[in-house]
Amino acid sequence: MPAQFPYQLTRLGVLMAPQPGNPMEVEGVLNPASVRQGDTLWLYPRLVAAGNISRIGRARVIFDGEQPSVVREGIALEPERGWEHGVAHGGVEDPRISRIDQLGLWVMTYVAFGPTGPRPALAISKDGYGWERLGPILFQYDDQLGTDLNLFPNKDVVFFPEPVPGPDGMPSIAMLHRPMWDLSFCRPGEAAPLPNGVEDERSGIWISYVPLAAALDDVRALTRPGEHKLVAMPEAEWEALKIGAGPAPYKVPEGWLLLYHGVTGTIDENGSFAPQNDVRYVAAGMILDAEDPSKVVMRSAQPLLEPDSPEEQTGTVANVVFPTAIEEVAGTHFVFYGMADSKIGLAQLARKEG
């Protein structure tokens with residue numbers, strides 16, 4: 001793989017912080033999804049109330065000066081279903097949104113932190129404003145894996161914005177996700193059996209597929225992806241603990257640009273489902289093959305963004321940059337990212353010169 005990655009991120013500053021006196025935001029505003037509809041750009045941040053209870057808010061981004069601002073527009077999703085209510089930690093978290101023109105829909109993935117820990121779920125929208133739940137994702141069983149992915153927590157789920165060839169060559173809606181081989185939420189102390197062919201227990205990026213024809217016939221097919229395959233695992237020292245997908249993959253001349261997060265550090269005795277004090281999240285990039293996005297054709301040798309500012313180094317979880325959305329406004333590509341699990345930052349994505 002070429003050592004020189006062709007894209008870079010430049011930090012622009014804080015876009016959104018907890019609103020003083022707002023009880024829904026006392027523990028953080030972070031990790032937003034986004035929707036671009038004409039001249040309107042909606043942001044869907046995770047709002048964290050006391051007790052680590054999360055909702056998905058809605059805000060309008062205003063570009064009327066040197067530094068963009070936001071106007072809050074209420075709540076998009078509340079933890080209103082039983083499978084979205086956890087014990088001492090719960091709610092609806094970390095949304096990602098993909099516009100899929102072939103379906104005429106915006107598709108939101110989010111983490112439902114419920115009675116059995118973090119599980120991925122879907123909601124859809126025809127107008128980019130109001131959302132209808134499709135329910136939890138139920139991964140199709142594949143006997144070749146030797147396990148059922150539904151046994152395990154899963155995060156960082158995001159759809160490609162247009163169909164790609166599936167394993168059989170037919171047009172498919174592809175989904176990236178990050179299964180976690182960890183049963184400690186339900187069965188403390190019990191080791192999780194790894195899928196066949198997987199020897200590394202760290203969390204990596206996987207891909208699954210839904211035939212386009214099935215999704216056109218019934219959009220609920222999006223909750224039943226199959227043909228699961230490992231895409232990428234941690235490689236560099238700065239991502240040695242785990243990696244996970246960020247915003248929806250973005251089409252570039254080289255293929256699909258995927259911004260992702262890489263994590264180092266250690267998980268304390270409270271387990272991987274509790275906020276950690278000894279981890280470090282950086283943003284990195286990889287290029288996936290345009291015709292077979294299960295293949296990585298290029299990967300950044302170094303992080304594209306590291307937690308160097310005070311807002312990224314101090315917060316609910318220190319030393320975190322966590323990219324979750326990309327939008328183009330007037331020719332500039334903006335990346336929205338979580339800062340120390342407390343605020344939302346803005347960066348510019350650009351192609352390197354030369």
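Per residue of the chain, what 222 nm ellipticity follows from adding -39500 (n - 2.57) for every DSSP H run with n ≥ 4, rounded to the nearest 500? Each step should come with its number before you reach the end.
Working: 2 runs with 10 residues, N = 354.
Calculated mean residue ellipticity at 222 nm is -500 deg cm²/dmol.
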Taking H as built 1.01 Å from N, whose amide H comes closer than 5 Å to the amide H of THR314, not counting residues under 5 places away? ASN319
Please report the net charge: other residues with Cβ closer than 9 Å to the Cβ of MET339, K and R +1, D and E -1. -2
Once all Cα-Cα distances of the chain are split into 10 Å bins that start at 0, what whole-number percent is in each one? 5, 27, 38, 25, 5, 0
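Which of the pairs LYS126/LYS242; LYS295/LYS343; LYS155/LYS352; LYS242/LYS352 have their Cα atoms more than 29 Å apart in this structure? Can you show the working numbers first?
Numbers: LYS126/LYS242 34 Å; LYS295/LYS343 33 Å; LYS155/LYS352 31 Å; LYS242/LYS352 27 Å.
Checking Cα-Cα distances, LYS126/LYS242; LYS295/LYS343; LYS155/LYS352 exceed 29 Å.
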Would you pull out the residues with amide H under 5 Å of LEU105's amide H, same chain only if 5 or more places away, H placed 1.01 Å from N? ILE100
Connecting C-alpha atoms closer than 10 Å in a GNM of the chain, tell me which of VAL320, VAL210, VAL252 has the biggest fluctuation. VAL252
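Test of understanding: ordering TRP83, TRP181 by Cβ neighbours within 10 Å, fewest first, what list do you get?
Lowest count first: TRP83, TRP181.
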Determine the dipole magnitude for the chain: charges of +1 sit on the beta-carbon of Lys and Arg, -1 on that of Asp and Glu, nothing else is charged, the reference point is the Cα centre, and the result goes in debye to the nearest 20. 540 debye
Considering amide H positions built from the backbone, and no H for Pro or chain starts, which residues 5 or more places from LEU41, or on another chain, come under 5 Å of its amide H? VAL61
Radius 9 Å from Cβ of ALA290, net charge of other residues (Lys, Arg +1; Asp, Glu -1): -3
Quick one: Debye curve from the C-alpha atoms of the stretch 227-354, no solvent, what's log10 I(q)/I(0) at q = 0.12, 0.16, 0.20 Å⁻¹? -0.47, -0.82, -1.20
Sorted from fewest to most neighbouring beta carbons within 10 Å, what does the list LEU105, LEU222 look like? LEU105, LEU222
Read phi for every residue in the stretch 39-55 and hand back ³J(HN,Hα) as whole Hz from Karplus 6.51 cos²θ - 1.76 cosθ + 1.60, θ = phi - 60°, with x for Gly and Pro. 8, 9, 10, 9, 10, 10, x, 7, 10, 10, 8, 4, x, 6, 9, 10, 10
Estimated vicinal HN-Hα couplings, Hz - the stretch 303-313 in sequence order (Karplus 6.51, -1.76, 1.60; Gly, Pro = x): x, 8, 8, 10, x, 10, 8, x, 5, 8, 9
For a quick check: sort THR147, THR266 by the number of other beta carbons within 10 angstrom, fewest at the front. THR266, THR147
Report the local net charge at VAL164: Lys and Arg +1, Asp and Glu -1, summed over other residues whose C-beta lies under 9 Å from its C-beta. -3
Charge dipole of the stretch 7-351 built from unit charges on the beta carbon (Lys, Arg +1; Asp, Glu -1), centred at mean Cα; most positive-end Cα among THR40, VAL111, VAL198 is THR40
Trypsin sites (Lys or Arg not before Pro), restricted to the stretch 36-110: which are DSSP loop and have at most 16 other Cβ atoms within 10 Å? ARG81
HN-Hα J in Hz across the stretch 257-263 - Karplus 6.51, -1.76, 1.60, θ = phi - 60°, x for Gly and Pro: 7, 10, 7, 9, 10, x, 10
Taking the Cα centre of the stretch 7-351 as the origin and placing charges on Cβ (Lys, Arg +1; Asp, Glu -1), which of VAL29, VAL210, ILE62 is farthest toward the positive end of the dipole? ILE62
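Write down Rg/Rh for the stretch 101-254, rounded to two decimals, with Rg from the C-alpha atoms and Rh from the Kirkwood relation over Cα pairs. Let's see the in-between values first.
On the way: Rg = 15.7 Å, Rh = 16.4 Å.
Using Cα coordinates only, the ratio equals 0.96.
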Connecting every pair of Cα atoms under 10 Å apart in the chain and solving the GNM, the largest mean-square fluctuation among ASP94, ASP217, ASP341 falls on ASP217
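Values in this text are rule-based calculations from the coordinates and carry no lab data. Since the structure is predicted, the reported quantities are computational estimates derived from the model, not experimental observations. Methodologically, a virtual Cβ is constructed for each residue, glycine included, from the backbone with ideal geometry; neighbour enumeration extends over all protein chains shown.
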